[in-house]
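Enquirer: Before we start, here is the structure in question, set down as structure tokens.
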Amino acid sequence: QVHLVESGGGLVQAGGSLRLSCAASGRTFSSYAVGWFRQLPGKEREFVAAISWSTRTTYYADSVKGRFTISRDDGKNTVYLQINSLKPEDTALYYCAAGPGIATKTPASYYYWGQGTQVTVSS
């Protein structure tokens, strides 16, 4: 069992930056792919970024490429999402998720989910 806790969200002005953290406890998730997703009320969960466990290959949604960076520190059992040049449309509840196998854009591929951290961007 892997327990995930996100942190780092908040209210920022457009153009600002945040660094979200996803800390794992329980079983180490160094052998898991980790993804970040975001969701607005009443809408489907949207893929944001993912990182594989072995090759550290990263994947991004087109809407965030060049602004978001995902990284992991397996020694700290933590995955980060650096968010720069924030836009109002980035406002959402951000979730991290972990799952075995390769990193994918599909939420169903991930077994474990955190509770989310809210990011609100004001214009």
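Enquirer: Of the peptides 8-17, 34-43, how do they stack up when ordered by the mean number of other Cβ atoms within 10 Å, highest first? Intermediate values should be presented prior to the final figure.
Expert: Values: 8-17: 13.5, 34-43: 17.5.
Going from most to least packed, we get 34-43, 8-17.
Enquirer: Still on this structure, please answer the following. Among PRO41, PRO88, THR28, whose Cα projects farthest towards the positive end of the dipole of the chain, with charges put on the beta-carbon of Lys, Arg (+1) and Asp, Glu (-1)?
Expert: THR28
Enquirer: Suppose we keep just the alpha-carbon trace of region 11-78; what are its Rg and Dmax in angstrom?
Expert: Radius of gyration, then largest Cα-Cα span, for region 11-78: 13.3, 37 Å.
Enquirer: Using the alpha carbons of the chain, what is the convex hull volume per residue in cubic angstrom, as a whole number?
Expert: 91 Å³
Enquirer: I need the calculated FRET efficiency for the pair THR120 and ARG56, taking r as the beta carbon distance and R₀ as 22 Å, to the nearest 0.05.
Expert: 0.15
Enquirer: What whole-number value in Å² describes the accessible area per residue of the chain for a 1.4 Å probe? Walk me through the intermediate numbers first.
Expert: On the way: 6090 Å² over 123 residues.
I get 49 Å² per residue for this part.
Enquirer: Taking the chain, how many lysine pairs are there with alpha carbons less than 19 Å apart, if each pair must be eight or more places apart or span two chains?
Expert: 4
Enquirer: Further question: How much net charge surrounds GLY16 when only other residues with a Cβ under 13 Å from its Cβ are counted (Lys, Arg +1; Asp, Glu -1)? Numbers along the way, then the final one.
Expert: Details: positive: ARG19, ARG67, LYS87; negative: ASP90.
Within the 13 Å Cβ shell, the charges total +2.
Enquirer: Right, another one. Roughly how many percent of the accessible protein surface of the chain is carbon and sulfur, given a 1.4 Å probe and a whole-percent answer?
Expert: The value for the chain is 50 percent carbon and sulfur by accessible area.
Enquirer: Next question, about the same structure. Dipole size in debye (nearest 20) for the chain around its Cα centre, Lys and Arg Cβ +1, Asp and Glu Cβ -1?
Expert: Using only the charged Cβ atoms, the result is roughly 120 debye.
The values are calculated or read from the model by the stated rules, or taken from the named source; none is laboratory data. What you see is a predicted model, and the numbers here were worked out from it, not measured in a lab. Here the Cβ is made from the backbone with ideal geometry for all residues, glycine too, and neighbour counts use every protein chain on show. Calculation scope for accessible area: heavy atoms of the full protein, side chains included, ligands and nucleic acids excluded. Shrake-Rupley method; radii C 1.70, N 1.55, O 1.52, S 1.80 Å.
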